[in-house]
Amino acid sequence: MFQSSLIEALTRKKEFVYIEDSGLRRILRFHDLVFLGLGSMLGMGVYIMAGELATKVGPAMILSFLFAGVACTLAALCYAEFAGRTPGTGSAYAYCYITVGEFVAFILGWNLCLEFVIGTACLARGMSAYIDSMFGGSIANWEKEHFGMDVKFLSSYPDFLSFVIMIVFSAIVSIGVKESTMINNTFVVINMVTIIMLVITGIVHVNLSNWSLDGTESPFAGNGGFMPFGFSSVMEGAATCFYAYTGFDTVATTGIYACTNQHI
């Protein structure tokens, strides 16, 4: 009796009630949702993941991004299916609560919190490193000198610049959806122009001989060739790249939720 009650409690589902008029005004458009998804993917995928995978996968990281892109496309189609079946407020948490059960939704909800915390920390840390490099590493050196830490599982110093960056962007987001979206769109356009310029420059200056380096020429070259660390490294890289494509979750959450947080 107790066991059946426990199972019933863990698997109970939320009853979906569609409210046609939520009292909220739609202020975002299709292109805003597209730019939100691109903004979620560009920072992590281009400025952090690419450099990280280059030393662990080699040139074959192109395949890692391709495999991760295919997997995320299938995941995005699943999101579209759930959004069509439950056309209301939603994200992965709500979809699981309605279709699978409360316990799975509980676990997934906390995983989403963990995902956003780690994602924000990674982006802020990456931006901090880029800004610090513009000043010749003086910011990091000052923090190490005055606030250095000797803990194995922590950074060698507390990154106050990352903290300031997160506070600034949190303030921008709190202003309102429309205003923060305009800023996001501006940054996405700048990012896209930058990426296009990098791709064109890379094509012009491509050197295929770099794909044949071995361990004697570079400590990060592995066994040389297009796939210097083997196919297993490509799949490991794909698992890492998956995190760079999670913009579809942002689109699903923002798009389904009446696209606004402002009252009429």
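The values are calculated or read from the model by the stated rules, or taken from the named source; none is laboratory data. Worth saying up front: this structure is predicted, and the values here are computed from it rather than measured. Here the Cβ is made from the backbone with ideal geometry for all residues, glycine too, and neighbour counts use every protein chain on show. The protein model used for the area step is the full one, side chains on, heavy atoms only, and it has no ligands, DNA or RNA in it. Shrake-Rupley method; radii C 1.70, N 1.55, O 1.52, S 1.80 Å.
Every residue, every condition in (1) at pLDDT 80 or above; (2) more than 15 Å from the chain's Cα centre (by Cα); (3) open to solvent by less than 70 Å² (accessible area, probe 1.4 Å), yes or no:
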{"position": "Phe106", "(1), (2), (3)": "yes, yes, no"}
{"position": "Gly109", "(1), (2), (3)": "yes, yes, yes"}
{"position": "Glu115", "(1), (2), (3)": "no, no, yes"}
{"position": "Ala121", "(1), (2), (3)": "yes, no, yes"}
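Might you let me know whether the stretch 217-238 holds any residue that is open to solvent by less than 40 Å² (accessible area, probe 1.4 Å), under 21 Å from Gly37 (Cβ atoms) and either modelled with pLDDT of 80 or more or not in a loop (DSSP other than H, G, I, E, B) (or both)? Among the residues of the stretch 217-238, at least one is open to solvent by less than 40 Å² (accessible area, probe 1.4 Å), under 21 Å from Gly37 (Cβ atoms) and either modelled with pLDDT of 80 or more or not in a loop (DSSP other than H, G, I, E, B) (or both), which makes the answer yes.
Residue check: Leu74 meets all listed conditions (1) at pLDDT 85 or above; (2) exposed (fewer than 13 other Cβ atoms within 10 Å of the Cβ); (3) farther than 30 Å from Lys13 by Cβ but one, namely (3).
Going by the conditions given, is Thr253 surrounded by 12 or more Cβ atoms within 10 Å (Cβ to Cβ), assigned to a helix (DSSP H, G or I) and modelled with pLDDT under 70? When the stated conditions are applied, Thr253 passes them. Considering every residue within the stretch 140-154, establish whether at least one is touching a Lys or Arg at 6+ places or on another chain (Cβ under 7 Å) and charged (D, E, K, R). No: the stretch 140-154 contains no residue that is touching a Lys or Arg at 6+ places or on another chain (Cβ under 7 Å) and charged (D, E, K, R). Among the criteria (1) part of a helix (DSSP H, G or I); (2) loosely packed, with under 12 Cβ neighbours inside 10 Å, the one Val206 does not fulfil is (1).
Per this entry, Glu145 is counted among residues that are open to solvent by 80 Å² or more (accessible area, probe 1.4 Å), out of contact with any strand residue (DSSP E or B) (no Cβ under 7 Å at 6 or more places or on another chain), acidic (Asp, Glu) and in a helix (DSSP H, G or I).
Per-residue answers, yes or no, for (1) aliphatic (A, V, I, L, M); (2) touching a residue at least 24 places away in the same chain (Cβ under 8 Å); (3) open to solvent by 40 Å² or more (accessible area, probe 1.4 Å); (4) closer than 26 Å to Ala50 by Cβ:
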{"site": "Ala124", "(1), (2), (3), (4)": "yes, yes, no, yes"}
{"site": "Ile131", "(1), (2), (3), (4)": "yes, yes, yes, yes"}
{"site": "Val151", "(1), (2), (3), (4)": "yes, no, yes, no"}
{"site": "Pro158", "(1), (2), (3), (4)": "no, no, no, no"}
{"site": "Met166", "(1), (2), (3), (4)": "yes, yes, yes, yes"}
{"site": "Phe187", "(1), (2), (3), (4)": "no, yes, yes, yes"}
{"site": "Ile190", "(1), (2), (3), (4)": "yes, no, yes, yes"}
{"site": "Ile196", "(1), (2), (3), (4)": "yes, no, yes, yes"}
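If the condition is being open to solvent by 80 Å² or more (accessible area, probe 1.4 Å), of a type outside the set (D, E, K, R) and within 16 Å of Leu33 (Cβ to Cβ), then the stretch 174-185 contributes only Met182.
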